[in-house]
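Report on the structure given below.
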Amino acid sequence: MVDFAVPEEVQLICRGLRSFLEREVKPLEERYKRYLEDERARLDEEGRLVPEFKAALDRVRRRSAELGYYAMHMPTEVGGGGVSRVGMVYAFKEVFRHGFGLNVAVLAGPEGPSPLLLGLKAPQREKFLKPLMRGEATTCFALTEPEAGSDLKNLQTRAEKRGSYYVLNGMKTFITNAADADFAQVFAVTDPKRYKEHGYEGVTAFVVERDAPGYKVGKINRSLLDDGAQAELIFENCKVPAEHVIGQEGRGFYAAMSWIGIGRLNIAAMCLGLGEYLLKRSVEYAQTRTAFGRPIGKHQHIRGMLAESAAELSAAEQLVLHAAWKFDRGDPIVKESAMAKWFCTQMLFRLADRAVQVHGGMGVMKELPFERIFRFARVLRIVEGTDEIQKETIAKSLGL
Ligand SMILES: Cc1cc2nc3c(=O)[nH]c(=O)nc-3n(C[C@H](O)[C@H](O)[C@H](O)COP(=O)(O)OP(=O)(O)OC[C@H]3O[C@@H](n4cnc5c(N)ncnc54)[C@H](O)[C@@H]3O)c2cc1C
């Protein structure tokens, strides 16, 4: 039975997060306002984050880890909080209803601890996972290549076993946090014959340290957000110890997919929080801004837009919670996570567009966060599987 009551422990986490955001994150956002209002101020000439802004994000991440929030999605056996997926939906919502500032560093994303790393053997888990859990190190999830984005049957990166090492050759692109990561989780073909025959087998996941010989950060990918977050990774005869294999050799693709399912739910939950933030700010503006002698919220077109936003947001929430609830029961959520990711990113895109419209000229000004969230919402329809790939997954589940 689906239970709509928010569990008490989740309410406690949300209250704690709210207080952390108010007491500690908000004052920092005030201090770093100039970076938050204009992304260009955050970047150096090469497109990398300037040290001062990076330090602000690091500070929020570490403090969140100290308070037990950053790694709360990880199992208790490795020092995490063991929080359920339903709990994480509420946590993401709580963090992102705060807006789009330094709060982005409160909960772990691709730079943080992921269940994928539980596939490491005990000594490597200790070495790589522990500093991530404390927010002291960061990582990245390196799957996409110039010729393999949606089409993951076309990976070109190869890893060849030579004694106690693998030798990696290839290139990854658009990798979030690649420029700063202390180590990367890299997916490479180890059995080309099996990969060619079966598509998803013969791929292995590795931990590759930043200082490994032959590991190079390529160019920064300048995007619509221009936030210095994505970069290329290049491997040239890069030597990786055999004990750095994550999980089973040749099964890396399946491990990647299970993590991507969770990533899709996280994005969907983030959209709920940002959607709530946009709606609240838009309603406030519609109540106070006047045109033609009355608040704009009394004009039918504006009322209609905000009513649609409220209904779509509510529908999105039910979809995400249902998927998370199924996950917590141990059910497969391939279809549900695709539906949640597709619907919620579409929903956020529409809500952001309306928030811009309701704010008129101010909506596109950098002083307000709406144009930036609008750009972010556009990007979310591409990452962790495009709109079309989500719909492909849903269509397959219909037997098409
Ligand atoms: C901001 C950002 C952050 C990212 N972070 C990471 C990261 O941390 N790690 C990582 O590994 N990757 C990351 N990526 C890469 C991302 O996962 C890919 O960009 C995405 O999967 C799409 O792949 P592509 O860019 O190669 O587009 P393509 O696969 O070339 O797609 C081009 C178009 O064709 C459509 N298309 C493709 N196949 C089909 C099909 N079968 N049916 C219908 N339409 C189809 C797509 O939907 C799209 O519209 C990131 C990308 C961005 C933009």
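Brief remarks follow.
- Among the conditions (1) within 16 Å of the ligand (Cβ to nearest atom); (2) in a helix (DSSP H, G or I); (3) within 20 Å of the chain's Cα centre (by Cα), K153 misses just one, which is (3).
- Residue among G87, G82 that is among the small types (G, A, S), within 26 Å of F4 (Cβ to Cβ) and over 18 Å from the mean Cα position of the chain (by Cα): G82
- E37 meets each of the listed conditions (1) exposed (fewer than 14 other Cβ atoms within 10 Å of the Cβ); (2) at pLDDT below 95 apart from (1).
- None of L117, L102 is within 16 Å of the ligand (Cβ to nearest atom) and not small (G, A, S) except L117.
- Test for E243: is it at pLDDT 95 or above, loosely packed, with under 14 Cβ neighbours inside 10 Å and assigned to a strand (DSSP E or B): no
- Count - residues of the stretch 105-120 that are out of contact with any strand residue (DSSP E or B) (no Cβ under 9 Å at 6 or more places or on another chain) and either crowded, with 23+ Cβ neighbours inside 10 Å or more than 15 Å from G79 (Cα to Cα) (or both): 4
- The residues on offer are I220, I267, I234, and the sole one that is assigned by TED's automatic domain parsing to the domain that holds Q318 and of a type outside the set (D, E, K, R) is I267.
- Residue, surrounded by the most Cβ atoms within 10 Å (Cβ to Cβ), within the stretch 174-231, restricted to residues that are among the hydrophobic types (A, V, I, L, M, F, W, C) and not in a strand (DSSP E or B): A178
- Restricting A142, A137, A91 to those that are small (G, A, S) and within 16 Å of the ligand (Cβ to nearest atom) reduces the list to A142.
- Scoring K341 on the criteria (1) touching a Lys or Arg at 6+ places or on another chain (Cβ under 6 Å); (2) over 20 Å from A5 (Cβ atoms); (3) surrounded by fewer than 18 Cβ atoms within 10 Å (Cβ to Cβ); (4) charged (D, E, K, R) leaves a single failure, condition (3).
- Any hit, the stretch 350-358, residues being touching a Lys or Arg at 6+ places or on another chain (Cβ under 8 Å) and away from the ligand (no atom under 16 Å from the Cβ): yes
- A residue that is more than 30 Å from D58 (Cβ to Cβ), out of contact with any helix residue (DSSP H, G or I) (no Cβ under 6 Å at 6 or more places or on another chain) and either of a type outside the set (S, T, Y) or assigned by TED's automatic domain parsing to the domain that holds H244 (or both) cannot be found anywhere in the stretch 175-186.
Rundown of residues vs (1) in contact (Cβ under 8 Å) with a residue 24 or more places away in the chain; (2) more than 15 Å from the ligand (Cβ to nearest atom); (3) within 14 Å of L155 (Cα to Cα); (4) of a type in the set (A, V, I, L, M), yes/no style:
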site: R194; (1), (2), (3), (4): yes, yes, yes, no
site: A205; (1), (2), (3), (4): yes, no, yes, yes
site: C238; (1), (2), (3), (4): yes, yes, no, no
site: G261; (1), (2), (3), (4): yes, no, no, no
site: R264; (1), (2), (3), (4): yes, no, no, no
site: A269; (1), (2), (3), (4): yes, yes, no, yes
site: G273; (1), (2), (3), (4): yes, yes, no, no
site: L279; (1), (2), (3), (4): yes, yes, no, yes
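- Residue within the stretch 159-171 that is more than 16 Å from the ligand (Cβ to nearest atom), in the same structural domain as E243 (by TED's automatic domain parsing), of a type in the set (F, W, Y) and not in a loop (DSSP other than H, G, I, E, B) present: yes
- Flag if A307 is buried (at least 21 other Cβ atoms within 10 Å of the Cβ), on the phi < 0 side of the Ramachandran plot and aliphatic (A, V, I, L, M): no
- Some residue of the stretch 382-394 being assigned to a helix (DSSP H, G or I), more than 12 Å from the ligand (Cβ to nearest atom), within 19 Å of the chain's Cα centre (by Cα) and outside the structural domain of N221 (by TED's automatic domain parsing): no
- Only residues that are part of a helix (DSSP H, G or I), free of Cβ contacts under 8 Å to residues at least 24 places away in the same chain and among the β-branched types (V, I, T) were counted in the stretch 281-301, giving 2.
- Residue within the stretch 312-331 that is touching a helix residue (DSSP H, G or I) at 6+ places or on another chain (Cβ under 7 Å) and either within 16 Å of the ligand (Cβ to nearest atom) or of a type in the set (S, T, N, Q) (or both) present: no
- Scanning the stretch 207-236 for residues that are within 16 Å of the ligand (Cβ to nearest atom), modelled with pLDDT of 95 or more and of a type in the set (G, A, S) returns G218, A231.
The values are calculated or read from the model by the stated rules, or taken from the named source; none is laboratory data. Everything quoted here is computed from the prediction, not taken from an experiment. Note: ideal-geometry Cβ built from the backbone for every residue, glycine included; neighbour counts use all protein chains shown.
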